[in-house]
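Report on the structure given below.
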Amino acid sequence: MVECLLSIHVVKLDAVKYSRYKLVLAVVDFILLRLSFSAALQFRGISLGRAGHWDTYFMSPEFSFFFIYAFIVVLIFQYNNLYKINIVLTRSRQIVLIFISFFYAIMGLAVLAFFVHSIWIVDSRLAVAYFGILGFSSITLYRLLLFQPVFLFLTKNQFIRKNLLIVGSNIAAKTFAIQIQLDNLYGFNLAGFI
């Protein structure tokens, strides 16, 4: 009987639905991106609406464009695995992936600026730079200084739990189970072995 030490299969029992932390991260990322777009325009001196008239702000073409583009940037984050727990709980890897995602987002914004012909995009590279700086800073600070410590606190105090089933019973699987029991950063509740 030959056992392979590297064949550990981990099965999350509640893997059918999306984790709540992913939805929270995606919604907050979307909100921060929208605020970064609006702040970039304000810093550049471009007003989308008149004072006291929110209907002109919501009816502006830039508002619709940025609403859709913020959703696209969240999809870029998803593509770069920024909603996976092993990335969310690391600092350096997460910062690098956020930077790469913003690089793609700004390049995409430059390409779209060529086709959309919006006045502020074509005439103001400074607004795009403001968006990159504000968006990167706000999302990085939120994820590292607010979300990560709160998530670790909740998993440490067992408010967030996920059932985990390990497929395999070799030495590597048992070592992994011991590691999960000793240092459970991800909030796993070990259900057993198969």
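Where a number appears in this text, it was derived from the coordinates with a stated rule and is not lab data. Everything numeric in this text was worked out from a predicted model, so none of it was measured.
Can you work out the Karplus-derived ³J(HN,Hα) for every residue in the stretch 96-110? Use 6.51 cos²θ - 1.76 cosθ + 1.60 with θ = phi - 60°, whole Hz, and x for glycine or proline.
Couplings: 4, 5, 5, 4, 4, 5, 5, 4, 4, 5, 6, 5, x, 5, 5 Hz.
N163's amide H: which non-local residues (gap 5+, or another chain) put their own amide H closer than 5 Å, with H modeled 1.01 Å from N in plane and none for Pro or chain starts?
HN-HN under 5 Å from N163: L13, D14, N189.
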